[in-house]
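The block underneath contains the structure these notes are about, expressed in structure tokens.
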Amino acid sequence: FSIGHKQKSETLYPSVYSPLDKDFSYIDNPGFADTRGMYTVIVNGYFREQVTKDIEELKFVILLHYADIMNRGHQVRESIVFFSDFLGIFDDQELENYENLIKSIGIVISRADKNDIEIKQYVQELLLEILHEEKRKNKLNFIQEHVFSKIFNNTDQIEIFSTPQHEGLLSGNEKENIENMINKLSYIEKD
């Protein structure tokens, strides 16, 4: 899939890619906080539901923009809240019931200035700060904070896409790193 590089949302309809020699498909869904208005957000929700309704097992990759993380993470909070609403399962107060979900979510940071271990560690620290700040402000519940804190603390669940000035398909090491991250994620069964 092509990853958008503009401030304006680009994906409108879900796209499905099924590799010929694999028993799974990639689904590129529109983002949660679409910039084209409330009607588009509602339509996106409908498409997300339709494209995933017959799927038995899922893995998730959430795309976050580096610039947003550097600016205290408005998109991070919105993505967590919208993702929670999409799943509809964050009401259970038993933390152990979320362990499989935690292992099924990966984070890709797009449009970073560069991709190295220091940037990854710095991004992790910022994500955790944003998460704890949002919890302190009561914008996230305890379960949301717990789930995403575990994800943000795990370097195997975060990858960086660092070519902000080039539109198009991923290539080279970054593509391989993201694919490896996705392969390491666990499937979660859809109830």
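If I ask for residues that are over 24 Å from Ile178 (Cβ atoms) and either in contact with a Pro (Cβ under 7 Å, 6 or more places away or on another chain) or modelled with pLDDT of 65 or more (or both), which ones from the stretch 39-65 would you list?
Matches in the stretch 39-65: Tyr39, Thr40, Ile42, Val43, Gly45, Tyr46, Glu49, Gln50, Lys53, Asp54.
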Query - Scope the stretch 150-163; condition at pLDDT 90 or above, open to solvent by 20 Å² or more (accessible area, probe 1.4 Å) and out of contact with any Lys or Arg (no Cβ under 7 Å at 6 or more places or on another chain); matching residues - result: Lys150, Asn153, Asn154, Glu159
Requested in this report: May I ask you to list the residues in the stretch 66-85 that are modelled with pLDDT of 85 or more and either touching a Ser or Thr at 6+ places or on another chain (Cβ under 7 Å) or more than 26 Å from Lys114 (Cβ to Cβ) (or both)?
Outcome: Tyr66
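Go through Asn138, Asn115 for me and flag whichever is within 21 Å of Ala67 (Cα to Cα) and part of a loop (DSSP other than H, G, I, E, B). Full working, then the answer.
Details: Asn138 fails: within 21 Å of Ala67 (Cα to Cα).
After applying the criteria, what remains is Asn115.
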**Report entry** Filter result (buried (at least 20 other Cβ atoms within 10 Å of the Cβ) and acidic (Asp, Glu)) within the stretch 110-149
**Finding:** Glu134
Requested in this report: Any residue in the stretch 54-81 that's free of Cβ contacts under 8 Å to residues at least 24 places away in the same chain: show its pairings with residues that are open to solvent by less than 50 Å² (accessible area, probe 1.4 Å) and assigned to a helix (DSSP H, G or I) at Cβ separation under 7 Å, as long as the two are six or more apart or on different chains.
Outcome: Asp68/Gln75; Asp68/Val76; His74/Asp68
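The values are calculated or read from the model by the stated rules, or taken from the named source; none is laboratory data. Source: prediction; values computed, not measured. Methodologically, a virtual Cβ is constructed for each residue, glycine included, from the backbone with ideal geometry; neighbour enumeration extends over all protein chains shown. Calculation scope for accessible area: heavy atoms of the full protein, side chains included, ligands and nucleic acids excluded. Shrake-Rupley method; radii C 1.70, N 1.55, O 1.52, S 1.80 Å.
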